[in-house]
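Visitor: Can you read through this structure? Questions will come right after.
Just so it is clear, none of the values below were taken in a lab; they were calculated from the coordinates. The shown structure was predicted, so the numbers you read here are calculated from the model rather than taken from an experiment. Using ideal geometry, Cβ is built from the backbone for each residue, glycine included, and neighbour counts are taken over all protein chains shown.
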Amino acid sequence: MNVGVCYAEVDRQLWMRLEVPDNSTIEEAINLSGVLKLYPEINLTCQKVGVFGKIAALDTLIKEGDRVEIYRQITADPQQVQRRRR
């Protein structure tokens, strides 16, 4: 089945489509994509992942057309950022 895998840093983004076997999990899609070799700083034990903006576990089964996302750690307190904008 065809799925997408994406990851973004502050200065660069990766979005790729790939074929994965039916009944693949989020973790399997990430491993098959090769994103962990391109971005060795990704740590799946600490970072959250999801599908179409909804956080999910690594063992979640994915479907045709899903977009698997790897989320970065938050580096700023969202409440502090909001206060600075005022």
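Visitor: Which FRET efficiency value, to the nearest 0.05, is calculated for R67 and N43 with the Förster distance at 22 angstrom and r the Cβ-Cβ distance? Display every interim value, and only then the final one.
Guide: Working: r = 21 Å, r/R0 = 0.95.
After rounding to 0.05, the efficiency reads 0.60.
Visitor: For K63, what charge total do you get from the other residues with a beta carbon under 15 Å from its beta carbon, if Lys and Arg give +1 and Asp and Glu give -1? Display every interim value, and only then the final one.
Guide: Numbers: positive: R17, K54, R67; negative: E19, D22, E28, D59, E64, D66, E69.
Taking every Cβ under 15 Å from that of K63, the sum is -4.
Visitor: In what order do Y71, Y7 fall by count of nearby beta-carbon atoms within 10 Å, going from fewest to most? Spell out each step's value before the answer.
Guide: On the way: Y71 13, Y7 23.
Starting with the residue having the fewest Cβ neighbours, the order is Y71, Y7.
Visitor: Once you put a point 7 Å from the Cα of L14 and another 7 Å from the Cα of K54, both along the Cβ direction, what distance in nm separates them?
Guide: With each label point 7 Å from Cα toward Cβ, the separation is 2.6 nm.
Visitor: Here are several values of Cα Rg over 2.2 N^0.38 Å: (1) 1.68; (2) 2.75; (3) 1.19. Which one was derived from the coordinates shown?
Guide: Calculated Cα Rg over 2.2 N^0.38 Å: the matching label is (3).
Visitor: Still on this structure, I have one more. Once a ≥ b ≥ c are taken as the square roots of the eigenvalues of the Cα gyration tensor of the stretch 1-47, is the result rounded (a/c under 1.5), prolate (a/b larger than b/c) or oblate (a/b not larger than b/c)?
Guide: It comes out oblate by the Cα gyration axes.
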